[in-house]
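The values are calculated or read from the model by the stated rules, or taken from the named source; none is laboratory data. From a predicted model like this one, the values you see are computed outputs, not experimental measurements. Quick reminder, even Gly has a Cβ in these numbers, built from the backbone with ideal geometry, and neighbours come from all protein chains shown. The protein model used for the area step is the full one, side chains on, heavy atoms only, and it has no ligands, DNA or RNA in it. Shrake-Rupley method; radii C 1.70, N 1.55, O 1.52, S 1.80 Å.
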Amino acid sequence: QVQLVESGGGLVQAGGSLGLSCAASGLTFSAYAMGWFRRAPGKQREFVCAIKSNGGSTLYADSVKGRFTISRDNSKNTVYLQMNSLKSEDTAVYYCAPVNYVVGGRPILDYWGQGTQVTVSS
């Protein structure tokens with residue numbers, strides 16, 4: 001079965017940087033676009049960014065454009081999220097998931113990993 005294991009979260013000061021990783025198994029990773037999502041306290045999970053299966057194209061939410069960078073290594077079945085210039089409003093649990101890139105990064109599985117907590121102190 002599909003497993004998604006996010007890691008790399010932590011506590012960082014506003015303006016700082018953090019890098020997240022998501023290791024995937026149980027699926028043909030190189031065949032899927034992948035996305036990052038986040039859920040802040042008291043809010044619904046929201047789309048952050050996505051990357052095509054071959055890494056050739058990316059998509060970002062306006063709130064993170066220019067600050068976050070998604071990348072992937074298909075040889076390691078891993079997708080990454082580099083977060084720079086972090087703001088307090090970036091505080092959330094971050095998740096990765098396979099997505100439908102054509103429809104704006106909509107998740108295609110009813111499955112989520114445990115996520116990784118990112119806390120940005122102001």
How do the pairs read when you match residues in the stretch 34-55 that are surrounded by fewer than 22 Cβ atoms within 10 Å (Cβ to Cβ) with residues anywhere that are part of a loop (DSSP other than H, G, I, E, B) and not basic (Lys, Arg), using Cβ under 6 Å and keeping only pairs 6 or more apart or on different chains?
-> Phe47/Ala61; Phe47/Gly105; Ser53/Tyr32
Test: residue in the stretch 10-19 that is touching a residue at least 24 places away in the same chain (Cβ under 8 Å), within 28 Å of Val102 (Cβ to Cβ), open to solvent by 10 Å² or more (accessible area, probe 1.4 Å) and not charged (D, E, K, R) = yes
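Consider the stretch 105-122. How many of its residues are of a type outside the set (Phe, Trp, Tyr), open to solvent by 20 Å² or more (accessible area, probe 1.4 Å) and within 14 Å of the chain's Cα centre (by Cα)? If you could, list the steps in order and put the result at the bottom.
First pass over the stretch 105-122, keeping only residues of a type outside the set (Phe, Trp, Tyr): 105-110, 113-122.
Right, trim to open to solvent by 20 Å² or more (accessible area, probe 1.4 Å) and you get 106-110, 114, 117, 119, 121-122.
Add one more test, that the residue is within 14 Å of the chain's Cα centre (by Cα), and what stays is 106-107, 114, 117.
Total satisfying the criteria: 4.
Can you tell me which residue is surrounded by the fewest Cβ atoms within 10 Å (Cβ to Cβ) among those in the stretch 56-71 that are among the charged types (D, E, K, R) and under 19 Å from Ser17 (Cβ atoms)? If you could, list the steps in order and put the result at the bottom.
Residues of the stretch 56-71 among the charged types (D, E, K, R): 62, 65, 67.
Narrowing further to those that are under 19 Å from Ser17 (Cβ atoms): 65, 67.
Working: Lys65: 10, Arg67: 15.
Among those that are among the charged types (D, E, K, R) and under 19 Å from Ser17 (Cβ atoms), it is Lys65.
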List every residue pair whose Cβ atoms sit under 6 Å apart, with the two residues 6 or more apart in sequence or on different chains, where the first one lies in the stretch 64-87 and is within 16 Å of Gly105 (Cα to Cα) and the second, anywhere, is part of a loop (DSSP other than H, G, I, E, B) and not acidic (Asp, Glu).
-> Arg72/Gly55
Can you tell me which residue in the stretch 77-94 is farthest from Val5 (Cα to Cα), limited to those that are in a strand (DSSP E or B) and open to solvent by less than 10 Å² (accessible area, probe 1.4 Å)?
-> Met83
